[in-house]
Amino acid sequence: MTDKERFESLTATAAQSAEQMTKQTQVAMENYFGWFQNAMSAIPWSNTNLNRILLTNATQNVTATFAFVQKLCQAKNFQDVVKIQTEFMQTQMNLFNEQAKIISEIYTKAAKDAMKGST
């Protein structure tokens, strides 16, 4: 077997492994979202704005991570890996800041409402 044939064989094997990993990750994500929705619905405050926001945030975060893994599997070299990871980290930090701001606003409003109710 020539080096070219070995390389092509390894490339094909890697592509199959990446495809299998993508399918397994997708199934795991679906299972996680099902579990998470069931867990959130069992919580006494499940039908609140906060619950809906937490569920949305979790969905965004897991979906972004899944997309990151898919892109990472398609990286052709180390430079691509660094670029993909840097973009992912920047996006996640921005998303985290937005999510934290929204949750902070909800808690601040709840605290103000509780203070008004106690007076």
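The values are calculated or read from the model by the stated rules, or taken from the named source; none is laboratory data. All of these numbers come straight from a predicted model, not from anything done at the bench. So basically every Cβ, Gly included, is an ideal-geometry build from the backbone, and we count neighbours across all protein chains shown.
What is the number of the single condition among (1) of a type in the set (Lys, Arg); (2) at pLDDT 90 or above; (3) surrounded by 14 or more Cβ atoms within 10 Å (Cβ to Cβ) that Lys71 does not meet?
For Lys71, the exception is condition (2).
Which one of these is closer than 22 Å to Tyr32 by Cα and free of Cβ contacts under 8 Å to residues at least 24 places away in the same chain: Phe88, Phe96?
Phe96
Which condition number does Met115 fail, the rest of (1) at pLDDT 90 or above; (2) loosely packed, with under 10 Cβ neighbours inside 10 Å; (3) of a type in the set (A, V, I, L, M, F, W, C) being met?
It is condition (1) that Met115 fails.
Answer yes or no as to whether Lys71 is under 20 Å from Arg52 (Cβ atoms), part of a helix (DSSP H, G or I) and without any contact (Cβ under 8 Å) to a residue 60 or more places away in the chain.
Against the criterion (under 20 Å from Arg52 (Cβ atoms), part of a helix (DSSP H, G or I) and without any contact (Cβ under 8 Å) to a residue 60 or more places away in the chain), Lys71 does not qualify.
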